[in-house]
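Chemist: Provided herewith is a single structure, encoded as structure tokens, for subsequent inquiry.
Laboratory data are not the source of any read-out in this text; all were calculated from the coordinates shown. Since the model is a prediction, treat every value here as computed from it, not as a measurement.
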Amino acid sequence: MEEVVNALTHSLDVPSPSFPMALQTALTLELNVSDPEVVSELERCATGPDRERYALSALRLGVLALRQARGELDAVVVRDAGQKIVQELESVFRERGGKIADDLTTALSHFFDPDSGELPRMHFIAN
């Protein structure tokens, strides 16, 4: 998730802060826009408040899209990690389940086997 955001900010030449930032109610931001698609779209609006509102709306939309993308990636990462854990547990249970069954069979035979078990011998000695 963080790699995607870092790649996006790097490809857009946007510095990503390495420290927590305090929330502000307003932030003055002066941008030099050089992406041809963004320039073309911004030039469709008249210079002044209309263009500024449009740019702010586009910026907000981009921020919301990045947040959503991070959330979706988080869900994918969590789901994939969960599936991996389940697969590893299934493998361990299969492997150890067979050993437990073998150990239980051996222990039960040790006590209850009619020819060599401890319980039949005790019964035989008592008689």
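Chemist: What ³J(HN,Hα) values, in whole Hz, does the Karplus curve 6.51 cos²θ - 1.76 cosθ + 1.60 give for the stretch 88-95 when θ = phi - 60°, with x put for Gly and Pro?
Modeler: Result, ordered by residue: 5, 5, 4, 5, 5, 5, 4, 5 Hz.
Chemist: Taking amide H positions as placed 1.01 Å from N in the peptide plane, with prolines and chain starts having none, which residues 5 or more places from residue 113, or on another chain, fall under 5 Å of its amide H?
Modeler: 118
Chemist: Taking every pair of distinct Cα atoms and averaging 1/r, then inverting, what Kirkwood hydrodynamic radius in Å comes out for the stretch 36-126?
Modeler: 20.0 Å
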